[in-house]
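Everything on this sheet refers to the single structure shown next.
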Amino acid sequence: MTKRKKMILGNWKMYKQQQNALHDFCAIQDGVLSSSTEIRVGVAAPYIHLSALSQRRKDNFMLLAQNVHWEHEGPFTGEISPSMLKDLQVSGSLIGHSERRSLFGESNSSTGKRLRGAIMCGLEAILCVGETLQERESGKLTETLREQLTTAFKESHLAACDFMGSHPDTPLLTIAYEPVWAIGTGKSATPLQAQEAHNAIRLLLHEFFSQSVASKIGVLYGGSVKSNNIKEFLSCEDIDGALVGGASLDPVEFLKLISNAAR
Ligand code: PEP
């Protein structure tokens, strides 16, 4: 059985002025690297801070953007290209976060294009999927996840491209399952609900990719994860880590969460 490396990522959304971002980034990075944990840890910061944070970033700590366009350059006011992120030595990007979908009208199809742009440029892509409460309550959980994943994979022609990059054990693709009703609400899914969804995603990955590729793609859980519930999620068979919003804003809480995840 393939052993996937655990991953814990923070999503800082539209929080923190630059001095605060630099301070907290260094505090988290130093705390993680001095603990010599096996877990891969990183933070997705606002675009405007990436250049400054990148200058402080050390090997083995991930710095991510929160979104990325698919083209290398062009008349796309307000967008940032994959090569611009690469140029700053940013490790990768979140793609298709539910706030991008629900508040800024991003579709499964444009999410797929962003996914392709990132991967083709050698960036790590964290593809976010998840159902609304209404979809869950009307029994459409699996259907929704299937639609989100298959449209993104088809649109990005992912099955045909080499996204294992130069690191055969860490593919450039990671999935984050984030039930929309659990994001920023303080109401997390139960570990059982999360495990069911993760299992459905894992089966879908095996339908879409070869056994050797699918088994290496990590699936993170996101939705009100905190230091006091991370262990329950990580004890589930198909949960490989977490994408953490609110609890990643305070370095003390985030480092506690990471240390609990390592136990
Ligand atoms: C997120 O923004 O991806 C998220 C999971 O937020 P929170 O942890 O605050 O629910």
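The values are calculated or read from the model by the stated rules, or taken from the named source; none is laboratory data. Here the structure is a predicted model, which is why all the values come from computation and not from measurement. Cβ sites come from the backbone with ideal geometry, for glycine too, and all protein chains shown count toward neighbours. These accessible areas exclude ligands, DNA and RNA; they are computed on the full protein's heavy atoms, side chains included. Shrake-Rupley method; radii C 1.70, N 1.55, O 1.52, S 1.80 Å.
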Projected convex hull area of the range 41-96, Cα atoms, direction-averaged, in nm², equals 3.9
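Could you work out how much longer the chain between ILE48 and LYS154 gets when fully extended? Use 0.36 nm per residue separation minus the Cα distance between them, nm to one decimal. Intermediate values should be presented prior to the final figure.
On the way: separation 106, 0.36 × 106 = 38.16 nm, distance 3.13 nm.
Full extension of this stretch gives 35.0 nm more.
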If one builds a Gaussian network model of the chain from Cα atoms under 10 Å apart, the most fluctuating residue listed among ASP24, ASP238, ASP87 is ASP87
Once the in-chain neighbours fewer than 8 apart are removed, the lysines whose Cα is under 23 Å from LYS154 read LYS113, LYS140, LYS216
Expressed in angstrom and rounded, the centroid-to-centroid distance over alpha carbons for the range 43-109 and the range 179-250 is 21
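On a 24 Å Cα-Cα criterion, which of the cross-link pairs LYS86/LYS187; LYS13/LYS226; LYS3/LYS86 come out too long? It would help to have the intermediate numbers written out before the result.
Working: LYS86/LYS187 35 Å; LYS13/LYS226 16 Å; LYS3/LYS86 28 Å.
Flagged as over cut-off: LYS86/LYS187; LYS3/LYS86.
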Given backbone amide H placed at 1.01 Å from N, residues whose amide H is under 5 Å from that of LEU88, ignoring those fewer than 5 places away on the same chain, are none
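Work out which helices of the chain, taken as complete DSSP H runs, extend at least 20 Å along their axis over the Cα atoms and score a mean Kyte-Doolittle of -1.0 or more, then list them.
On the way: long enough: 18-34 (23 Å, -0.01); 141-155 (21 Å, -0.61); 191-208 (25 Å, -0.12).
Those that pass (Cα extent of 20 Å or more, hydropathy at least -1.0) are 18-34, 141-155, 191-208.
Cα convex hull of the range 186-263: mean projected area in nm², to one decimal? Kindly include the intermediate steps, with their values, before the conclusion.
Details: hull surface 21.1 nm².
Directional mean of the projected Cα hull area for the range 186-263 stands at 5.3 nm².
When ligands, DNA and RNA are left out and all protein chains stay put, how many square angstrom of accessible area per residue does the chain have with a 1.4 Å probe? The partial results should precede the final answer.
Values: 12140 Å² over 263 residues.
Accessible area per residue, the chain: 46 Å².
Using a 1.4 Å probe on the protein heavy atoms, what percent of the accessible area of the chain belongs to carbon and sulfur? Please list the in-between numbers first.
Numbers: 6280 of 12140 Å².
Roughly 52 percent of what the probe reaches on the chain is carbon or sulfur.
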Quick calc: nm separation of the 7 Å Cα→Cβ label points for ASP59 and ASP30 -> 2.1
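Over the alpha-carbon set of the chain, divide Rg by the Kirkwood Rh and report the Rg/Rh ratio to two decimals. Don't skip to the answer; put the middle values down first.
Details: Rg = 16.9 Å, Rh = 18.2 Å.
That ratio equals 0.93.
Under the 0.36 nm per residue contour assumption, what length would be gained going from the current alpha-carbon distance of GLU237 and VAL252 to full extension? It would help to have the intermediate numbers written out before the result.
Values: separation 15, 0.36 × 15 = 5.40 nm, distance 2.77 nm.
The span from GLU237 to VAL252 would gain 2.6 nm if fully extended.
Taking the Cβ-Cβ separation of GLU71 and MET14 as r and a Förster radius of 25 Å, what is the calculated FRET efficiency to the nearest 0.05?
Numbers: r = 24 Å, r/R0 = 0.95.
The pair GLU71/MET14 has a calculated efficiency of 0.60.
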In deg cm²/dmol, rounded to the nearest 500, the helical mean residue ellipticity at 222 nm of the chain, built from -39500 (n - 2.57) for every DSSP H run of length 4 or more, is -12500 deg cm²/dmol
For the GLN134, LEU203 Cβ pair and Förster radius 22 Å, calculated FRET efficiency rounded to 0.05 is 0.40
